[in-house]
Amino acid sequence: LALMGEIAGMASHQLSQPVAAISNYAGAAIQLQRSGRLDQDRLTEILDHINRLSERAGRALDNHRSLVRRRETSPMGVDLNAVTRSCLEVLSDRLTRAGVRAECDLAEPLPHLGGDPMELEQLLMHLVVNALDALEQVPREQRRLWIRTARGAGVGRVLVEVRDSGRGVAPALEGRLFDPWVTDKKD
């Protein structure tokens, strides 16, 4: 039951971002349509975003079904830069609402990673969402997020760096930062 609770919590968290983004894109289309400013190109662009986000949510559900059934996933070649761009697309509305300026420095070309692209994207999303949470305490004009990818030391290694202009780690968390379920967030 504890494992199922953790899986349900992960599924909820992984689905909330694309579902919120789908809702935002649909809402924007409705507002543009009502104002008479929704042309065919913009509608196609919005529907394309909604389609990609719904496919992402479907893949997240498939991944969680695999966890529940305890099947092994097959590692595949993952493009870290594509994962980074996808993550920022899903979170673009939240970044805009928070007044955060995101800057990317994506090294090209990078070797592909062996792994699950959804899990890697979810990890990156956690880092970006944590950065957004940290930036809530910073004046809007100073809110910055930087994401950088690079070749790592060694063959086939890559690096991803997520930095923000927040105040840093709370002193009470410094020694426990990488322990499971440690947070200073109320929710």
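We did not get these values from a lab; they are worked out from the coordinates using the rules stated. None of these values were measured; they are calculated from a predicted model. Cβ coordinates were reconstructed from backbone atoms using ideal geometry, including for glycine residues, and neighbour counts include every protein chain displayed.
Observations
- Column: log10 I(q)/I(0), Debye, Cα scatterers of region 90-155, q = 0.12, 0.22 Å⁻¹: -0.39, -1.01
- Cα centroids of region 150-184 and region 83-112: 17 Å apart.
- In this Cβ point-charge picture (+1 for Lys and Arg, -1 for Asp and Glu), the chain has a dipole of about 220 debye about its Cα centre.
- Distant-in-sequence amide contacts of residue 78, defined by a placed amide H-H separation under 5 Å and a gap of 5 or more residues or a different chain, comprise 113, 114, 115.
- Mean projection area, nm², convex hull over Cα of the chain: 13.7
- Relative contact order (percent, whole number), region 132-182, Cα cutoff 8 Å, 6+ residue spacing: 34
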